[in-house]
Amino acid sequence: MQGLLEGKVAVITGAGSGVGRAAIKLWAEHGAKVIAADINLPNAEESVKLAGAPQGQIKAVECNVADPDSVSAAVALAVETFGRLDIIYNNAGITVLPIPGVGMKKLVDLDHAEMRKVEEVNINGVIFGCQAAIRQFDKQAENGQGGAGVIVNTASVAGLTGYGGVLYGSTKGAVVAMTRTLAIEVAEKGIRVNSVCPAGMLTNYGGMNPEHEQKDKILEGMGKAHPLGKAIDPADTAGAAMFLASDLAGNITGVNLPVDGGLTAGKKVGG
Ligand SMILES: NC(=O)c1ccc[n+]([C@@H]2O[C@H](COP(=O)([O-])OP(=O)(O)OC[C@H]3O[C@@H](n4cnc5c(N)ncnc54)[C@H](O)[C@@H]3O)[C@@H](O)[C@H]2O)c1
């Protein structure tokens, strides 16, 4: 089978860990040339090593998505290295740390500085990624190189439901709305915009770590929250994002796709 992303050039943000790390490996196995962008360059470089792709197929770059110039530079690097841009996967995201034994911070306990930090990465970081990609797609269209690129954002079930805390949930709800509104705005150019909305995964997100000493217990607990009974794996989300980025999804835009084992479908009632 030919790779789903054969010949495509992608920028993936947050590539140094979790879903981003899984995505650069999977997408490269499916033929994509990838810029692995992360605020933590050594981690992005480690992801490139772990992906095991042929030399030169993936390039790591330091990128802070909260800085528009930094995101534009990552897109420029894709063009300089691989000649064009077909896909941006705005995957980088952060949250405030849960308080042990209490859970997510309540609205009344949030402080302005931490609100700004999470909003800058989770909302503005996605906007900057979309802007940089669309500007490049427009250039390609003007040059007769095809401008119908693809944007995949990362929202969360926290943007579709009341799970995840007020601050994080608000930012992911913004990504859900942005994905729909932008999809309509750029549809006439043939640009598609979708998001993935994962449920809980054991990554470095939220102060956890994939090698946590209670790993099995945590994964079991996550699984119990989903009708399918399994925790979500970062590769599940990377795969759903790859489908949305691929030509198989050529007529899909404005969709916020849950990757949640049925969590947002509801609970079984009755027998
Ligand atoms: N893990 C979960 O339970 C979960 C659930 C739903 C949604 N998500 C979302 O999935 C995405 C990936 O999260 P993950 O679980 O892989 O987390 P992770 O913490 O393992 O990875 C996030 C990566 O983003 C990078 N990053 C952070 N700030 C950045 C910035 N300003 N610029 C560039 N890179 C930055 C980090 O260095 C890290 O490598 C995030 O958007 C997150 O909100 C995660």
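The values are calculated or read from the model by the stated rules, or taken from the named source; none is laboratory data. Being a predicted model, the structure only gives us computed values, none of them experimental. Positions of Cβ are backbone-derived with ideal geometry, glycine not excepted, and every protein chain shown enters the neighbour counts. Remember, those area values only see protein heavy atoms, side chains included, never the ligands or the DNA or RNA. Shrake-Rupley method; radii C 1.70, N 1.55, O 1.52, S 1.80 Å.
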- [ ] Return the residue satisfying two criteria in turn: it lies in segment 171-195 and is within 18 Å of A241 (Cβ to Cβ) and among the hydrophobic types (A, V, I, L, M, F, W, C), and of such residues it is surrounded by the most Cβ atoms within 10 Å (Cβ to Cβ).
- [x] V193
Open item on the list: I'd like the full set of residues that are surrounded by fewer than 17 Cβ atoms within 10 Å (Cβ to Cβ) and either outside any helix (DSSP H, G or I) or of a type in the set (S, T, N, Q) (or both), limited to segment 72-88.
Closed with: T81, G83
TODO: Starting from segment 167-190, take each residue that is farther than 16 Å from G93 by Cα and list its partners that are of a type in the set (D, E, K, R) and surrounded by fewer than 19 Cβ atoms within 10 Å (Cβ to Cβ), counting only C-beta distances under 9 angstrom and pairs at least six apart or across chains.
DONE: K189/D138
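So which of K139, K105 ends up being more than 15 Å from the ligand (Cβ to nearest atom), of a type in the set (D, E, K, R) and outside any helix (DSSP H, G or I)?
Of the residues listed, the single one that is more than 15 Å from the ligand (Cβ to nearest atom), of a type in the set (D, E, K, R) and outside any helix (DSSP H, G or I) is K105.
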TODO: Looking only at segment 214-228, decide whether some residue is touching a helix residue (DSSP H, G or I) at 6+ places or on another chain (Cβ under 8 Å) and not in a loop (DSSP other than H, G, I, E, B).
DONE: no
Open item on the list: Among the residues of segment 89-113, what is the count of those that are open to solvent by less than 30 Å² (accessible area, probe 1.4 Å) and farther than 22 Å from G16 by Cβ?
Closed with: 1
Task: Condition broken by D111, with the remaining ones in (1) in contact (Cβ under 8 Å) with a residue 60 or more places away in the chain; (2) away from the ligand (no atom under 12 Å from the Cβ) satisfied - done: (1)
Open item on the list: It is to be established whether one or more residues within segment 52-61 are away from the ligand (no atom under 15 Å from the Cβ), within 17 Å of A22 (Cα to Cα), among the polar types (S, T, N, Q) and without any contact (Cβ under 8 Å) to a residue 40 or more places away in the chain.
Closed with: yes
Task: Identity of the residue in segment 81-102, modelled with pLDDT of 95 or more and within 23 Å of V176 (Cβ to Cβ), that ends up farthest from the ligand (Cβ to nearest atom) - done: I87
Open item on the list: Can you find a residue that is of a type in the set (A, V, I, L, M), within 14 Å of the chain's Cα centre (by Cα) and within 16 Å of the ligand (Cβ to nearest atom) anywhere in segment 162-172?
Closed with: no
